[in-house]
Amino acid sequence: MRTHLIVLFWVQLSSPQPLYQLANVSFATEKSAVSSGRHDSEPKIILRKGVANNVTALLNQVLKGYDRHLRPEFNLKPTIVFIDIFVRTMGPISDLTKTYSFNCYFRQTWTDSRLMFNGTSNQQLSLSMAMLDKIWKPDTYFWNGARSYTHSMTTSNRLVRLYPDGTVLYSSRLTIKGKCAMSLGRYPLDRQVRYISFNTERACRLVIGSYAFSADELLYEWKIMGTDRGVQMDYEGISDLPQFSMTGFKVFNSTNLTRDRNYSALEVWFFFDRHFGYFLMNFYVPCTLIVLLCWVAFWTNREATGDRIGMGITSVLTLVLITNDSKSDAPKVNIPTALDVYIWICYATLLVCMMEFTIVHYYTKFNTGDPEIQALEREKMRQIIKRIPKTAVLRYLSKSTYFLELSEARATDPFGLAENSISSVDRVARIALPIYFVAVVIVYYNFYVNTPYHFSFDND
C-alpha cells in the first residue's frame, strides 16, 4: 500500500535563490515490501518535471527584458498603489515620548502590465522573496515613523503573489512606531483626536507616502474592502490598552507639498480616550479629602490655634507628597495641564484655610473679634470690681480665689463656652469654603471635559 504526501519543492531559475514554490512532489513509500530478502522503507522521490519546467519557463518569459528600475507605465501615467492595513494589536502609547505603536498586516497592491501571463482570473502564483528583488516595487515609507520593523520569526513574515493581469500583492507583518502630536493641555482628562490647536493639526496619525516619486509618478489610494476603506481592526486585540481606550479611526487621502514637488500620501488618524480611573483614585480623591480635612478644622475650638495650624500644615505637606508622586509620571510640557490646575486649586484652598486660621487667632488672642462678647466681659469685670473692698484691693487680689472660680465657671458653662469658642469668621467659612470649592470644581470639569475640541476633517 502506498501513501502519497504533498510537500513543497523549490524550483530555481537563473538565481541561486528560489523564485517559486511548487507543490507537485510526491513521496512513494512502500509500507511492506521485500526487496532482496529484506524490508525496504526508504522513500522514493518522484518529481513531475513537466510542471516544474512549465512554471520555470513562464517566469523566465515574464522576466525576459524586464527592467526593475522602471516603474509600470513609465512616462505614460502615474502608477496607482492600493494600501490596506489590518491592525492586530495597538500599543504601547507613551505620552512621555509622544509616540504610539501598533502591530499590523501592511498590504500593497499595484498592477504591472509587464508581468501579465496567461491564466484564469482566480489563478495566482505565490512567489518567494527572491522574486520580489527582481521586480519593481514602490518605495513606500512612513513619513512620521519613529521606528518600524518587519517580523522575522520563524522566517521573514512577508509574501508576494502575482496574478495573470499583472497585479502584484505584497504583504508584510510590521510593527510601526510613529510620532503622535499629542495635545496635553487637558492631561489627564485629554482625548487624543484630530483637532486644530494654534493653527497646528494635532493627533495620533500615520502618514504613508513615497520617498522619491512625486504625485505625477506615483499615486496612493486606500483599498476598498467591502464596507471598510483601507483599515480594518482586530478590536479584541486593541481592547486591553493600559492607559487609553481606542474610540475609532478615520482615513484620508492627502497631498504633501515640499519645496518644489507634490507627493501623494495616505493618512489614518487614531482616536483615543485616556482612562480616568487611575487618576481619580490616586490623585483627585486624595486631594479632595485633604481639602475636606482642612475644612473640618473650622469646626474645632477657636482657641485651639495649635491644633488648627497643625492640621493646615499637615494638609499642605500631604498634598505636596501626592502631587510630587503624580507629577513624576506626568509628561513634561511647557503649558499648564488639567492636573496642574487642580493642584493649584487645592493649594489655593489650603492657603485660604491658613489665612482664616490666622485671622481667627488674631482676633481671639486680642479679644476684639466679637463685640457682644467683649461688652459682656467688660460688664462682668465691673461687677467684680464693685464687690472688692477698696481698702484691701491688693491683699484681696493676691489671696482670693474668686477670679479662679469665675474663670472655671466661664470655661465650664455651656453658654460661655459657645461664646468663646465660635468666631463669626468660622461661621462664614464653614459655609463659604465648600460652596467655593464645589463651584470651582464644577467650572473645572466643564472646561476640561465638556468643552468640545475644534475638529477639522476638511480632507475627508
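Pairs exceeding 18 Å between alpha-carbon atoms, taken from Lys77/Lys223; Lys179/Lys223; Lys98/Lys179; Lys134/Lys177; Lys98/Lys250; Lys177/Lys327: Lys77/Lys223; Lys179/Lys223; Lys134/Lys177; Lys98/Lys250; Lys177/Lys327.
The calculated FRET efficiency for the pair Gln61 and Asp165, based on their C-beta separation and a Förster distance of 22 Å, comes to about 0.85. Listing Phe86, Phe357 from fewest to most neighbouring C-beta atoms within 10 Å gives Phe86, Phe357. When both the stretch 313-347 and the stretch 79-149 are represented by their alpha-carbon centers, they are found 45 Å apart.
Under 5 Å between amide hydrogens, built in the peptide plane, is the criterion, and for Ser128 it picks out Tyr20, Gln21 among residues at least 5 positions away or on other chains. Length gained on full extension, Ser172 to Asp139: 10.5 nm, using 0.36 nm per residue less the C-alpha separation. Phi angles across the stretch 152-166 convert, under the Karplus curve 6.51 cos²θ - 1.76 cosθ + 1.60 with θ = phi - 60°, into 3J(HN,Hα) values of 9, 10, 8, 9, 4, 7, 9, 8, 10, 10, 10, 10, x, 7, x Hz, Gly and Pro given as x.
Taking each residue as 0.36 nm, the span from Thr318 to Tyr445 lengthens on full extension beyond its C-alpha to C-alpha distance by 43.4 nm.
Report the calculated FRET efficiency for Tyr149 and Val285 (r = Cβ-Cβ distance, R0 = 45 Å), to the nearest 0.05.
Working: r = 42 Å, r/R0 = 0.93.
Plugging the Cβ-Cβ distance into 1/(1 + (r/R0)^6) gives 0.60.
Among Trp110, Trp295, rank each residue by its count of other Cβ atoms within 10 Å, from fewest to most, as a rough exposure measure. Mind showing how you got there, number by number?
Working: Trp110 20, Trp295 17.
By the 10 Å Cβ count, ascending, the order reads Trp295, Trp110.
Going by how many other Cβ atoms sit within 10 Å of their own, how do Glu221, Glu267 line up, fewest first? Walk me through the numbers on the way to the answer.
Working: Glu221 15, Glu267 23.
Listing Glu221, Glu267 from fewest to most nearby Cβ atoms yields Glu221, Glu267.
Dipole magnitude for the stretch 79-275: about 360 debye, using +1 per Lys or Arg Cβ and -1 per Asp or Glu Cβ, origin at the Cα centre.
Taking 0.36 nm per residue of sequence separation and removing the Cα-Cα distance, the Ala304/Asn75 pair yields an extension gain of 73.3 nm. Model label sites at Tyr436 and Met355, defined 7 Å from Cα along the beta-carbon direction, differ in position by 0.7 nm. On the basis of the beta-carbon distance and an R0 of 60 Å, Val296 and Tyr211 show a calculated FRET efficiency of 0.40. Backbone amide hydrogens, once placed in the peptide plane, bring Thr167 within less than 5 Å of Asp112, excluding anything fewer than 5 places away on its chain.
Between amide H atoms placed 1.01 Å from N, distances below 5 Å from Thr79 occur with Leu218, Leu219, all of them 5 or more places distant or on a separate chain. Shown here for the stretch 239-344: trypsin sites (Lys or Arg not before Pro) in loop regions (DSSP other than H, G, I, E, B) with at most 11 other Cβ atoms within 10 Å, namely Arg259, Lys332.
All of the numbers you see were taken from the coordinates with simple rules; none came from a lab. Keep in mind it's a predicted model, so treat the numbers as computed, not measured. Glycine gets a Cβ as well: all are built from the backbone with ideal geometry, and neighbour counts include every protein chain shown.
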